[in-house]
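Before any comments, here is the structure.
The values are calculated or read from the model by the stated rules, or taken from the named source; none is laboratory data. Treat the numbers as computed from the prediction; the structure is a model and nothing was measured. Because the Cβ atoms are built from the backbone with ideal geometry, glycine has one as well, and the counts that use them run over all protein chains shown. Ligands, DNA and RNA are excluded from the accessible area calculation, which covers all protein heavy atoms including side chains. Shrake-Rupley method; radii C 1.70, N 1.55, O 1.52, S 1.80 Å.
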Amino acid sequence: MKTMLNVALPKGRLGEKVYAMFERAGFECPSIKEQNRKLIFENPEAGVRYFWVKPSDVAIYVEHGAADIGVAGKDILLEYEPDVYELYDLDIGKCRMAVAAKRDFRYNPKKTLRVATKFSNITKNYYASQGRDIDIIHLNGSIEIAPILGLSDVIVDIVETGTTLKENDLEVFETIVPISARLIANKASFKFKSEAIERIMAGLEAEKK
Ligand code: PRP
């Protein structure tokens, strides 16, 4: 019997793109396209089993070995620093992590900067590298509201098209890091299922050309 490769896919638009790439790389699983609420799909002939998981949870499944490989945003990898191998940049899901504020915001070096974010670790590391003192206000979503209501001076968040910032009268002040989707692997799986993992990587690489 073929070795089964367990793959954690991020639920949503990005995950659908990723699945299409895997399909073209030879790891197809037609049942995944059926409209239902199932979360696990497998195709023993192709040696693959897919799970749809919350994008921010992909790295958890992979780190613990519940999935052999998965696709996670660089933002998640930088924020949670999971103990996994980062194998490959898929060059999709591109955006950037940025500092944004109201247009009239001016940085005052005498005051501790208040930063609202969902990405506390990235924020802490970024300002530490700049030698700037900050207070972090950890939020779970709708971060853009914080500077409008005076909860924070700036935000650290993902900017893709820039529409959300624009519609809330905010603008980017600094770019912290570019983000894209990465193929990650469990460390033991990378050793014991190397053939299948390498086949996927070769298929993904061929796609880019
Ligand atoms: C992200 C981010 C911004 C938005 C940026 O939110 O937090 O709100 O996308 O995209 P734009 O530059 O194209 O407008 P997401 O939709 O991922 O969900 P969230 O509210 O849970 O952060």
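Quick notes
- The range 87-108 residues that are of a type in the set (D, E, K, R), paired with ones that are part of a loop (DSSP other than H, G, I, E, B) and open to solvent by less than 80 Å² (accessible area, probe 1.4 Å) (beta carbon under 8 Å, 6 or more apart): D89/S180; D91/S180; K94/S180
- Filtered residues of the range 66-115 (kept if under 23 Å from P147 (Cα atoms) and among the aromatic types (F, W, Y)): F105, Y107
- Any pair with Cβ under 7 angstrom, 6 or more apart, that starts in the range 121-143 at a residue that is without any contact (Cβ under 8 Å) to a residue 60 or more places away in the chain and ends at one that is in a helix (DSSP H, G or I) and away from the ligand (no atom under 16 Å from the Cβ): I134/Y127; I136/K124
- Residues of the range 144-175 satisfying the condition of being farther than 30 Å from F22 by Cα and touching a residue at least 60 places away in the same chain (Cβ under 8 Å): L165, D169, L170, E171, V172, F173, E174, T175
- Wholly within the range 99-209, strands (runs of 3 or more DSSP E) carrying at least 2 residues that are within 16 Å of the ligand (Cβ to nearest atom) and open to solvent by less than 40 Å² (accessible area, probe 1.4 Å): 113-117, 154-159, 170-179
- Selection status of E86, open to solvent by 50 Å² or more (accessible area, probe 1.4 Å), modelled with pLDDT of 95 or more, within 22 Å of the chain's Cα centre (by Cα) and closer than 30 Å to E207 by Cβ: yes
- Scoring V71 on the criteria (1) open to solvent by 40 Å² or more (accessible area, probe 1.4 Å); (2) within 16 Å of the ligand (Cβ to nearest atom) leaves a single failure, condition (1).
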